[in-house]
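Chemist: Okay, here's the structure, questions in a sec.
Quick note: the coordinates plus some simple rules give every number you see, no bench work behind them. Model, not experiment: these values are computed from the prediction. In this analysis, Cβ positions are derived from the backbone assuming ideal geometry, glycine residues included, and neighbour counts consider all displayed protein chains.
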Amino acid sequence: MAKINLLPWREERRNRKTREFGVSALLTAAIGAAVVFGGVRFVQQKIDYQDARNNYLQMEINKLKAELKEIEELESTKTNLLARMDIIQELQTKRPQVVHTFQELAARVPDGVYLLSMEQKNEQLTFEGRADSNARVSTLMRNLDASDWFKQPGLDVIQSAQDSGISSFKLRLSQSVAPTEDNQLAISDE
């Protein structure tokens with residue numbers, strides 16, 4: 001019988017299997033490294049994309065903050081302008097009041113009464129004058145009380161001169177802001 005040595009065949013087979021295993025291990029390691037590299041790259045791209053979105057959002061937020069600040073400044077300016085407009089409107093409303101005051105005085109002062117001075121503080125008017133008699137001062141007070149432009153007339157001082165009979169007086173009254181339109185029409189018709 002012939003002697004056959006099977007050892008080199010087994011050794012070749014073992015070497016071939018070792019090489020296949022090495023190649024498989026290298027191939028598996030390469031695929032694993034590629035998957036890990038691809039995964040890291042994918043995650044890094046997502047992070048970069050999210051960072052870009054965050055930066056964009058932050059820029060838009062900064063723009064909105066600037067616009068909000070501008071809106072607040074405009075609101076402040078608007079409030080100031082409205083306050084000024086209210087003051088101007090109030091002044092425009094009160095402007096004809098001086099004319100009406102003098103017109104009413106001219107219409108309500110009876111004969112024999114002379115006004116020497118007039119002083120106004122806010123809505124309070126103070127008159128100093130002279131009259132032929134105390135009755136004329138009473139008539140003046142009744143006339144002023146009947147007016148829609150004046151209210152609450154009060155006599156502070158009245159002094160009568162012994163020799164001439166002329167009375168000096170000091171009269172105080174409040175001024176109405178504005179009577180109703182019907183009363184204004186009646187006054188202007190007189």
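Chemist: Residue pairs, Cβ under 7 Å, 6 or more apart or interchain, first in region 92-108 and more than 13 Å from Ser176 (Cβ to Cβ), second small (Gly, Ala, Ser). List them.
Modeler: What qualifies is Arg108/Ser147.
Chemist: OK, next. With respect to Leu82, determine if the residue is without any contact (Cβ under 8 Å) to a residue 24 or more places away in the chain, farther than 19 Å from Arg172 by Cα and in a helix (DSSP H, G or I).
Modeler: Against the criterion (without any contact (Cβ under 8 Å) to a residue 24 or more places away in the chain, farther than 19 Å from Arg172 by Cα and in a helix (DSSP H, G or I)), Leu82 qualifies.
Chemist: Same structure, new question: Just checking, how many residues over region 141-162 are of a type outside the set (A, V, I, L, M) and either over 20 Å from His100 (Cα atoms) or assigned to a loop (DSSP other than H, G, I, E, B) (or both)?
Modeler: 8
Chemist: Among the listed residues Ala52, Ala30, which satisfies the condition of being on the phi < 0 side of the Ramachandran plot and over 56 Å from the mean Cα position of the chain (by Cα)?
Modeler: Testing whether each residue is on the phi < 0 side of the Ramachandran plot and over 56 Å from the mean Cα position of the chain (by Cα) leaves just Ala30.
Chemist: So which residues in region 119-140 are touching a residue at least 12 places away in the same chain (Cβ under 8 Å), within 20 Å of Lys151 (Cα to Cα) and outside any helix (DSSP H, G or I)?
Modeler: First, the residues of region 119-140 that are touching a residue at least 12 places away in the same chain (Cβ under 8 Å): 120, 123-134, 136-137, 139-140.
Applying the additional criterion that residues be within 20 Å of Lys151 (Cα to Cα) yields 120, 123-129, 136-137, 139-140.
Correct list: Gln120, Glu123, Gln124, Leu125, Thr126, Phe127, Glu128, Gly129.
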